[in-house]
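The values are calculated or read from the model by the stated rules, or taken from the named source; none is laboratory data. Everything numeric here is computed off the predicted structure, so don't read it as measured data. Virtual Cβ from ideal backbone geometry, glycine too; neighbours counted across all protein chains shown. Ligands, DNA and RNA are stripped out before the accessible areas are found, and what is left, the full protein with its side chains, is counted by its heavy atoms. Shrake-Rupley method; radii C 1.70, N 1.55, O 1.52, S 1.80 Å.
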Amino acid sequence: MEESSRTKNSIRNIIFSFLNQIITLLLGLINRSVFIWILGIDYLGISGLFSDILMMLSLADLGFGVALTYSMYKPLAEHDYNRLAALTNLYRKVYRIIALAVTVIGLLLVPFLKYLINLKHPIPHITLYYVMYLANTVASYLVIYKTSIITADQKDYILNKYRSYFSVLQTLFMTIFLWVTRNYFIYLLVQVIFTYAQNFYCSHVASKMYPFINKRVKMPFKEVKEIFQNLYSVFLYKISGVLLNATDNTIISIMIGTGMVGYYSNYSMITTRLTGLINTIFYSLTASLGNLVVKEKPERRYKVFLVMQSVSSIFSTTCVICLMLLTQDFIRIWLGKNYLLSDTTLMAILFNFYLGVILLPIWVYREATGLYRQTKYVMVITAIINLALSIYLARVMGVTGVLFASAVARLLTYFWYEPVLLFKKYFGESSLIYFCHIGINMFITVMIAGLEYITLGKIEPNNWGTFIIKAIIIGISSLSLVMLFYIRTGGFKLILNRIKSFYVTSKKS
């Protein structure tokens, strides 16, 4: 019964999250097209830069988001409602302080914006635009303490349903108002209004689903102290992740130009949205894994990991090949040749994308098991290497160097360290099996990519019709070739067994 419930919740989370990502992707493309047509590439660069700055400001939450969800797994499994209410009340106070801190720090950064922005033609009212981005960021801190319980209880699909509704309305209204007014401030104002509306509505849903979280239960000082002591690990993990993922646009803006951030953001939008679709499948399983880690034995955890590893291998290879052969065509038909970056830059983007997908099972287990406490210093080293290499390679190779720096930093550190730790501590198995699997996947990816580049890569579509035909051919051929290699693996057989058991359970109920 417990297993069936976990499976059903995971599948619901995946379906609703996936639909949310698809809707967001389609509307995002329409919105960006109108944005570039009306405002131009410099405004797009400013948008990317401000997003990076405010992602760095998210350090102010000290990793409470990760800690909050993780701390709820056990009391949810044990139906300890008083502890859940106490946790919610504690984090409510903490997040109000965080919202204030982010606001103050964000405003203190205003005088330094001129050093981060590198434009040939200045944009008027740029400080006002930055403040609007700041207001949009602060919105999430006001209600996250309530919605985290839904995520921890394996019911993220409920949140994703409402997020989809608000996302559709927000993007539509932003696009319409930008088209009619041609005013960036109005565009941002609509974004802020919908962000606040979405967050407060989701908070209301959490209160209705779990009314006990509104009870004023005080957590004992000893337990509060323990939580804050554990946050040291989470904070190092958090700061490292931000420095690794949220500095590229800032370095590109300062050293190469803010306009280049706009060109790069068209490519990163594609990979980010695709990563979001894949993350949907994996991170929708995180809460179920948290429940599984609490209740199941290492052998069972390892079997689930094998399933996830097979899925990540199939996705990473198929998606990298499709992106390699289709991205330049897509940008050229969508925006024009003037918006293309070099093939070398595309390879750097795809290398980072590949690492991000193939390592997903490790990252999901990291959050579900609290492994970030053991990997905190490795993440710090990764961030330092990335920052130093990005600055150096930006001078030598431009935007391509900044992107390759991220991949090199990952390969030198947690790419090998985290699997060793996870296998030893949670699976009781040798990590050598894992690294052999990754090596084989890399070989398969390069081999199929080379084969398809020779046979299909030279086809250059000149309209959306021929592009869609090329995309279908490449998608089907890539997936078919990948499946030939993975259809007999243990992980893939476990996936088929899981699907069959879910089908049988659904039929009975």
Check your understanding: In debye to the nearest 20, how big a dipole does the stretch 370-437 give about its Cα centre with +1 on each Lys and Arg Cβ and -1 on each Asp and Glu Cβ?
Key -> 160 debye
Check your understanding: Using r as the Cβ-Cβ distance of M483 and Y392, and R0 as 30 Å, what FRET efficiency do you calculate, to the nearest 0.05?
Key -> 0.15
Point to revise | Rounded percent of accessible protein surface that carbon and sulfur make up, the stretch 338-443, 1.4 Å probe | key: 69 percent
Review point. Can you give the FRET efficiency for I22 and E429, using 1/(1 + (r/R0)^6), R0 = 41 Å, r = Cβ-Cβ distance, to the nearest 0.05?
Key: 0.70
**Study point:** Magnitude of the charge dipole, the stretch 370-486, Cβ model with Lys/Arg +1 and Asp/Glu -1, debye to 20
**Key:** 340 debye
**Study point:** Cα lying deepest toward the dipole's positive end in the stretch 80-237, options F221, Y184, H121, charges on Cβ
**Key:** F221
Check your understanding: According to the square roots a ≥ b ≥ c of the eigenvalues of the Cα gyration tensor, what is the shape class of the stretch 381-472, taking rounded for a/c under 1.5, prolate for a/b larger than b/c otherwise, and oblate for the remainder?
Key -> oblate
Point to revise | Residues M209 and T344, FRET efficiency given R0 of 45 Å [Cβ-Cβ distance, rounded to 0.05] | key: 0.35
Check your understanding: L116 to K225: extension gain in nm, 0.36 nm per residue of separation minus the Cα-Cα distance?
Key -> 35.4 nm
